[in-house]
Amino acid sequence: MKLRLITSIALIILLQAQPLKAENGYDLWLRYLPVANASLRSQYQHSLSHYFFPVGSDRLAAAKNELISGLTGLIATKPQMAPVAQSGLVIATIDKIGPLKKIVSDSSLKTIGDEGYIIKTVSQAGHLTILVTAKTDLGILYGTFNLLRLLQTGKAIASLNIVEYPKTMYRVLDHWDNPVRTVERGYAGFSIWNWHKLPGYIDPRYIDYARANASVGINGSVLNNVNANIQMLTPAYLAKVKGLADAFRPYGIKVYLSVKFSSPVELGGLKTADPLDADVKKWWQDKVNEIYQYIPDFGGFLVKANSEGQPGPQTYGRSHAEGANMLADALAPHNGIVMWRAFVYDDKVPDDRAKQAYNEFKPLDGKFNKNVIVQVKNGPIDFQPREPFHPLFGALPNTSTMLEVQLTQEYLGFSTHLVYEAPLFKECLNADTYTQGKKSTVARILEGKYNAELITGMAGVANIGTDLNWCGHPFAQANWYCFGRLAWDPEQTASAIADDWLRMTFTNDNRFIATMKQEMLQSRENTVNYMTPLGLHHIMSANGHYGPGPWTDNMSRADWTAVYYHKADAAGIGFDRTRTGSNALAQYSPEVQQYFENLETCPDEYLLWFHHLAWNYKMRSGKTLWDEMVHHYYMGADSVKHMQQVWNSLEAYVDHERFTAVKQLMAIQYEEAVRWRDACVLYFQTFSKQPIPAGYPQPEHDLAYYRALRFPNLPGQGVN
Ligand code: GCV
């Protein structure tokens, strides 16, 4: 007896002393390790060891596979099938749950629509049963993933009552992937689409990609770069696209393609791509019909037109609406849509770049077909670390509008810097446009609250590549994850999403969660501070957008330089977008205009976006603008050092492989943050002519040193 006790104690000590299983990050947030809390695990075992899950489609089979592999891992026991009455877990569409149907109210069924689901703890035959039900197989798939998430995050399941449905319709990842497998602005290896081996070889990774997307409700994938290659529309590539579409279908993911507006000329041999030309229309109709022969549920097209050298309808004197509608007409009979990007600007237009998209699209409000959705970046320039919300949100009340955010960290330290982007996305989503009165936030506009006729959606530029851990940085996975969760429900908080992600990706240990969640939530602000504090923007190096380049003044286009944006001079710094300057503010509602125009109310975060201010301008803190700017740069770099210390203190909670990966990346992040800080402070000092305030260490090198640095062969420079 004694011996047995000693042996058990020894075993427990041995188990506790075992290093955490090495992980390479490939499993993302779908790890399904045994629930660590033994009492919770036995509760889950008790409730979920017998299940009822009828399967009559590939989609349900996918959901059931996920359930079984998930449960087997989490409760460390393979669950057994049983009839409804003897099951602790019933997962089935509403028509298949027998007497349990009466527990589900008509109103909740109406609420969930075709993609939503209900998870409810009910009492039947003297025991508790978890019911997951929906009207469709897709609802069941999403409900199954949610149930698994509840278990992965250690939630109590004794009295569940969840009624969930997505608040937007099109929740799409945009891949900027080229046929040669480079990825424009991709920092996690090459494209995961192995075009050469498709369609014959379906890499298991495609299925894992689809699982991960479905787990957060993403329902579309634009496979190729918006700077589109016409090859994608050739029969050989359409057959490959079909291979991916077939692989993704069980997971509710439709495929879309980016198309080049000049395809009728370049691929079809026509003399023009004028959208009003009869032959052009016919060419697109034929092409679209051909695509649907391959892929009957093809999603539609994404188009970058008349932007950064891409052809478009304006090349032929036609408007964006005329171009988009021509494609929309071809897709409409098949229920396809056109996602038409509003990311347009032209250096030949002598106006502030921040105003150009609004100027082009505002007059077109109401002129787009029903199956066109205008895709608008979160801010008016280009995915900068911080931008105010785009003035087009709320300005197109009769046009379907979707938000485009960038998951890949083109301007946020590539895949080296730990930047959790949900706070950035939320800043845009929570912004009050006042276009429909107080609280007409971007989120509510995107959800279609003000015009039920419109289609709705969110797009995220993917940060996925062939790196073993998908996104290059273990924490960059959180950006893929939070995008899906926010596209599903823009009202969710960055904190709640980080909490779930950390629990699923690392551990449920509250000491780790509380500490690391705070770091994640602060991480974007850290990066703003060491890159572009106080509303500065677009001061990165012209060379691949890597590192600082506030001195950049000699590009083929003025609107690609840094000096165009910061306008530093002896008098001060910042872009005057008030009525004394470009008056970009006039594009917002009067309430927003006043808020940003008035220096009393304009938050420090947006100061230099909207105002050109003297170096000695007195800030709220009491410091001069110069001193405050320096302070932010130093605070930003110091916060990375702090994050390193925090991470080091958490070693016991993380497996060695991922702990070391993050540790190394943080060391590089710190070096780069210091470089950003020193280069920017030294450069702006040439205008302010003021010293770095006492107490801050002097930069290690002079400005000439930073200006002379060169970084050849940067990632993300996709060859198209
Ligand atoms: C795909 C920025 C990026 C480009 C990108 C463009 C866009 O300018 O640097 O690489 O092109 O945005 O969103 O179209």
### Message
Looking only at region 399-416, filter to residues that are in a loop (DSSP other than H, G, I, E, B) and more than 16 Å from the ligand (Cβ to nearest atom); which one of those is surrounded by the most Cβ atoms within 10 Å (Cβ to Cβ)?
### Response
Ser400
### Task
Can you work out which of the residues in region 160-189 that are among the polar types (S, T, N, Q) and crowded, with 23+ Cβ neighbours inside 10 Å is farthest from the ligand (Cβ to nearest atom)?
Thr168
### Task
Tell me which of these Asn219 doesn't satisfy, since it passes every other one: (1) of a type outside the set (A, V, I, L, M); (2) touching a Lys or Arg at 6+ places or on another chain (Cβ under 6 Å); (3) open to solvent by 30 Å² or more (accessible area, probe 1.4 Å).
(3)
### Query
Taking region 370-382 only, how many residues are under 21 Å from Pro313 (Cβ atoms) and within 13 Å of the ligand (Cβ to nearest atom)?
3
### Task
Please indicate, with yes or no, whether at least one residue in region 326-341 is among the basic types (Lys, Arg) and open to solvent by 60 Å² or more (accessible area, probe 1.4 Å).
no
## Note on the structure
The correct count of residues that are out of contact with any helix residue (DSSP H, G or I) (no Cβ under 6 Å at 6 or more places or on another chain) and farther than 24 Å from Val216 by Cα in region 16-40 is 10
### Task
Assess whether Pro715 counts as being away from the ligand (no atom under 16 Å from the Cβ), surrounded by fewer than 21 Cβ atoms within 10 Å (Cβ to Cβ) and modelled with pLDDT of 95 or more.
no
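For (1) without any contact (Cβ under 8 Å) to a residue 12 or more places away in the chain; (2) open to solvent by less than 30 Å² (accessible area, probe 1.4 Å); (3) out of contact with any helix residue (DSSP H, G or I) (no Cβ under 6 Å at 6 or more places or on another chain), each residue gets a yes or a no:
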residue	(1), (2), (3)
Tyr450	no, no, yes
Ile497	no, yes, no
Asp509	no, no, no
Lys517	no, no, no
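Let's see how each residue does on (1) open to solvent by 10 Å² or more (accessible area, probe 1.4 Å); (2) away from the ligand (no atom under 14 Å from the Cβ); (3) under 25 Å from Thr435 (Cβ atoms); (4) more than 18 Å from the chain's Cα centre (by Cα):
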position: Phe368; (1), (2), (3), (4): yes, yes, yes, yes
position: Gln384; (1), (2), (3), (4): no, no, yes, no
position: Leu418; (1), (2), (3), (4): no, yes, no, no
position: Ala422; (1), (2), (3), (4): no, yes, yes, no
### Task
Answer yes if at least one residue in region 428-441 is within 14 Å of the ligand (Cβ to nearest atom) and open to solvent by less than 20 Å² (accessible area, probe 1.4 Å), and no otherwise.
no
## Note on the structure
When every residue in region 455-487 that is aliphatic (A, V, I, L, M) and away from the ligand (no atom under 16 Å from the Cβ) is compared, the one nearest to Gly716 (Cα to Cα) is Ala476
### Task
Report the residue count in region 271-310 for those that are assigned to a loop (DSSP other than H, G, I, E, B) and within 16 Å of the ligand (Cβ to nearest atom).
7
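The values are calculated or read from the model by the stated rules, or taken from the named source; none is laboratory data. Bear in mind that the values here come from a model prediction, so they are computed numbers and not experimental data. Reconstructed Cβ throughout: ideal geometry from the backbone, glycine too, with neighbour counts over all protein chains shown. We work out accessible area using only protein heavy atoms, side chains counted, and drop any ligands, DNA or RNA first. Shrake-Rupley method; radii C 1.70, N 1.55, O 1.52, S 1.80 Å.
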